[in-house]
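Report on the structure given below.
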Amino acid sequence: MEYNFRDIEQKWQKRWVEMQTYRVTEDPTKKKFYVLNMFPYPSGAGLHVGHPLGYIASDIYARYKRQQGYNVLNPMGYDAYGLPAEQYAIQTGQHPEKTTFENIDRYRSQLDKIILQHFITKGTAHYQTH
């Protein structure tokens, strides 16, 4: 029997989204705890191996604090504008807004696959350029 990890992972990831497993709700009876990660620059073709290293450590700590009964907020965002985004857009010949939104979607997909408990309630529509 073959172990089809892709199907198994997709099944459970879909279930966790449907059940809102990682949804953050406020409980005034619990103490608050905030975990802040360094936000990635969505200015390349995807996450590199160094990105998850820090996220995994903070995710472990956030899970630990949740198990201790804290209200834990562990947000994920994107440092989406500036020279890295502009440079990537120049290299690919596309507008920085287009590449930024595409790369945020790609990063979100990659982060979801490593099953981190980051608090994200909105997609890229939440990120607006001015």
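The angle between the Cα long axis of helix 83-92 and the longest principal axis of the Cα atoms of the chain comes to about 60 degrees, rounded to the nearest 10.
Placing R0 at 22 angstrom, the Cβ-Cβ distance between Thr21 and Ser109 gives a FRET efficiency of 0.80 after rounding to 0.05. Extension gain for His48-Gln13 works out to 10.4 nm (0.36 nm per residue, less the C-alpha to C-alpha distance).
Computed over protein heavy atoms with a 1.4 Å probe, the accessible surface of region 1-102 works out to 74 Å² per residue. For the chain, the residue among Gln87, Tyr34, Leu47 whose Cα projects farthest onto the positive side of the dipole built from Cβ charges is Tyr34.
In straight-distance terms, cross-link reach from Lys14 covers every one of the lysines whose alpha-carbon lies under 23 Å from its own, apart from those fewer than eight places away in the same chain; here that gives Lys113, Lys122. Normalised by the number of residues in the chain, the mean separation of alpha-carbon contacts (under 8 Å, six or more apart) gives a relative contact order of 32 percent.
For the chain, the C-alpha radius of gyration sits at 1.19 times the compact-globule guess of 2.2 N^0.38 Å, with N the residue count. A DSSP coil position with no more than 15 other Cβ atoms inside 10 Å describes the following trypsin sites (Lys or Arg not before Pro) in region 45-122: Lys122.
In summary, the aspartates and glutamates within cross-link reach of Lys98, defined as a Cα separation below 20 angstrom excluding same-chain residues under 8 places away, comprise Asp79, Glu86. Cross-link partners for Lys65 among the aspartates and glutamates, with Cα-Cα distance under 18 Å and sequence neighbours closer than 8 places in the same chain left out: Glu26, Asp27. Phi-derived couplings, Karplus 6.51 cos²θ - 1.76 cosθ + 1.60 at θ = phi - 60°, listed residue by residue for region 5-13: 4, 4, 5, 5, 5, 4, 4, 6, 5 Hz, with x used for Gly and Pro.
Helices in the chain, meaning DSSP H runs of at least 4 residues, each add -39500 (n - 2.57). Divided by all residues, the mean residue ellipticity at 222 nm is -15000 deg cm²/dmol. Taking the accessible area of the chain, probe 1.4 Å, and keeping the other protein chains in place, the carbon and sulfur fraction comes to 57%.
A Gaussian network model of the chain, with springs between Cα atoms under 10 Å, assigns the largest mean-square fluctuation among Leu111, Leu53, Leu73 to Leu53. Region 63-83 and region 33-55 have their alpha-carbon centroids 11 Å apart.
The values are calculated or read from the model by the stated rules, or taken from the named source; none is laboratory data. Not measured: the values here are computed from a predicted model. Using ideal geometry, Cβ is built from the backbone for each residue, glycine included, and neighbour counts are taken over all protein chains shown. The protein model used for the area step is the full one, side chains on, heavy atoms only, and it has no ligands, DNA or RNA in it. Shrake-Rupley method; radii C 1.70, N 1.55, O 1.52, S 1.80 Å.
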